[in-house]
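This report refers to the structure that appears directly beneath it.
The values are calculated or read from the model by the stated rules, or taken from the named source; none is laboratory data. From a predicted model like this one, the values you see are computed outputs, not experimental measurements. All Cβ positions, even for glycine, are placed from backbone atoms using ideal geometry, and neighbour counts span all protein chains on display. Side chains included, ligands, DNA and RNA excluded: accessible areas come from the protein's heavy atoms. Shrake-Rupley method; radii C 1.70, N 1.55, O 1.52, S 1.80 Å.
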There are 2 protein chains.
Amino acid sequence: MRVVKEAEERKNEILDVSQRLFSTKGFDDTSIADILNEIGIAKGTLYYHFKSKEEILDAIIDRMITGQVLTAKKIAEDKSVPAVTRVVNAMMSFSVEGDNEEFVLEQIHKPQNALMHQKIQDSLMKAVVPIITEIVLDGINEGVFKTDYPEEGVELILMYASQAFNDDEALNSPEKLKKINGFVYNTERIIGAEQDSLLKALMPLFK
Amino acid sequence: MRVVKEAEERKNEILDVSQRLFSTKGFDDTSIADILNEIGIAKGTLYYHFKSKEEILDAIIDRMITGQVLTAKKIAEDKSVPAVTRVVNAMMSFSVEGDNEEFVLEQIHKPQNALMHQKIQDSLMKAVVPIITEIVLDGINEGVFKTDYPEEGVELILMYASQAFNDDEALNSPEKLKKINGFVYNTERIIGAEQDSLLKALMPLFK
């Protein structure tokens, strides 16, 4: 048992250090040697866990997504919070903001990574649609949302959001603000929420 | 002038024949030799126009998209037709139905073609959003649509449609029908059309 745990710890350490190096030096400019030096382990130890830098990147993304999905799930399940607040918070938990995560966006948007990008999108959608749909159903029970097609509506919203906001454009440019406002406005329409009710729930997150 | 025209005709002939072969034999099982045999031209003549089978495929897709965009534009510009009908017809003009076109879907959904798929999506979106938005604005003037964010709404609708319906799943499976109904319902909400008004305009197209 002890050995298994140590292997898992070592793996996470490799991911932590790689993530830090990728985000500071850039993915392309970080070598496996850099990672080995930083941690002070032998080549064999790293290759036991990961066959390449690309595999490390995949694992970092997996870990990130698992974390985001877990956070969204926790938010969704806390039924003491109004559905309006929960739906906004759960969706916002997927925004990539930390300094240590932004390089991931840069990588997945490279043309040669189109397939990886698509796979990430697909697996995210599969995990997230049921979570958000559950909140929308709660909101229908609360009487704050109203739609005959909750799941289809959520799929529509998330598929758009994962692409339209999946970039590193500044959040405060006028175009981006119009896009965000339009998105919130349309989300309210799709799930049948009162106009501006989601906007009001979103505001505190930008303070 | 004559030579230029002939070159253009030859190019289109290559595309026509390739398209027919790709859709009957399959893209992978069609060789450049098959295409040459079928048309009865020399290798050099084909390579003068296209460097590879992939380039032929790209050109077929380009031609298909150009045709679809042109059709949508014509529909959009015929202001004698009600906006409700025009918005439905223009969007439906992008469905790939002909026997000769379905192999394109099969090709762009292959994992190794993820980048090509994304490029097609992006260029389609860029061309189509303004066309459909124009119809929505007409509908707002007619008093049949109502939204503060026409362009954002159209972007949301099209981005979803181009992915959710971009497959060769049977149109009459219960899941697909629910998906289509949900999509029409949500589109009505997004552009602020009366409930079922788009559905009614869509019905004649399925007869």
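Here are the numbers:
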quantity: Close pairs (8 angstrom Cβ cut-off, 6 or more residues apart or separate chains): facing chain B (nearest Cβ under 7 Å) and touching a residue at least 12 places away in the same chain (Cβ under 8 Å) in segment A:144-158, crowded, with 23+ Cβ neighbours inside 10 Å and part of a loop (DSSP other than H, G, I, E, B) anywhere; calculated: none
quantity: Residue check for A:L177: open to solvent by 70 Å² or more (accessible area, probe 1.4 Å), more than 21 Å from A:D62 (Cβ to Cβ), hydrophobic (A, V, I, L, M, F, W, C) and within 14 Å of another protein chain (Cβ to nearest Cβ); calculated: yes
quantity: Evaluation of A:Q118 against (1) open to solvent by 60 Å² or more (accessible area, probe 1.4 Å); (2) more than 10 Å from every other protein chain (Cβ to nearest Cβ) (one fails), failing number; calculated: (2)
quantity: Count of residues meeting criterion [part of a helix (DSSP H, G or I), under 21 Å from B:S95 (Cα atoms) and open to solvent by 50 Å² or more (accessible area, probe 1.4 Å)] in segment B:31-79; calculated: 9
quantity: Residue in segment B:101-108 that is farther than 16 Å from B:L15 by Cβ, open to solvent by less than 70 Å² (accessible area, probe 1.4 Å) and within 14 Å of another protein chain (Cβ to nearest Cβ) present; calculated: yes
quantity: So B:E188, is it in contact with a Phe, Trp or Tyr (Cβ under 7 Å, 6 or more places away or on another chain) and surrounded by 18 or more Cβ atoms within 10 Å (Cβ to Cβ); calculated: no
quantity: Number of the exception - B:L137 against (1) under 30 Å from B:L21 (Cβ atoms); (2) away from chain A (no Cβ under 14 Å); (3) in contact with a Pro (Cβ under 7 Å, 6 or more places away or on another chain); calculated: (1)
quantity: Residue under evaluation B:F165, criteria (1) within 12 Å of chain A (Cβ to nearest Cβ); (2) more than 30 Å from B:E55 (Cβ to Cβ), criterion not met; calculated: (2)
quantity: Options B:K73, B:K43; residue that is without any contact (Cβ under 8 Å) to a residue 40 or more places away in the chain and either in contact with a helix residue (DSSP H, G or I) (Cβ under 8 Å, 6 or more places away or on another chain) or more than 26 Å from B:K110 (Cα to Cα) (or both); calculated: B:K43
quantity: Yes/no for B:A164 being open to solvent by less than 30 Å² (accessible area, probe 1.4 Å), touching a helix residue (DSSP H, G or I) at 6+ places or on another chain (Cβ under 9 Å) and of a type outside the set (F, W, Y); calculated: yes
quantity: Scan of segment A:80-102 for residues that are modelled with pLDDT under 85 and assigned to a helix (DSSP H, G or I), ordered by number; calculated: A:E102
quantity: Criterion (out of contact with any strand residue (DSSP E or B) (no Cβ under 9 Å at 6 or more places or on another chain) and modelled with pLDDT of 95 or more) met by exactly one of A:K110, A:K73; calculated: A:K73
quantity: Verdict on B:T24 being open to solvent by 20 Å² or more (accessible area, probe 1.4 Å), within 15 Å of the chain's Cα centre (by Cα) and without any contact (Cβ under 8 Å) to a residue 40 or more places away in the chain; calculated: no
quantity: Residue under evaluation A:M92, criteria (1) touching a residue at least 12 places away in the same chain (Cβ under 8 Å); (2) open to solvent by 40 Å² or more (accessible area, probe 1.4 Å); (3) not assigned by TED's automatic domain parsing to the domain that holds A:F145, criterion not met; calculated: (3)
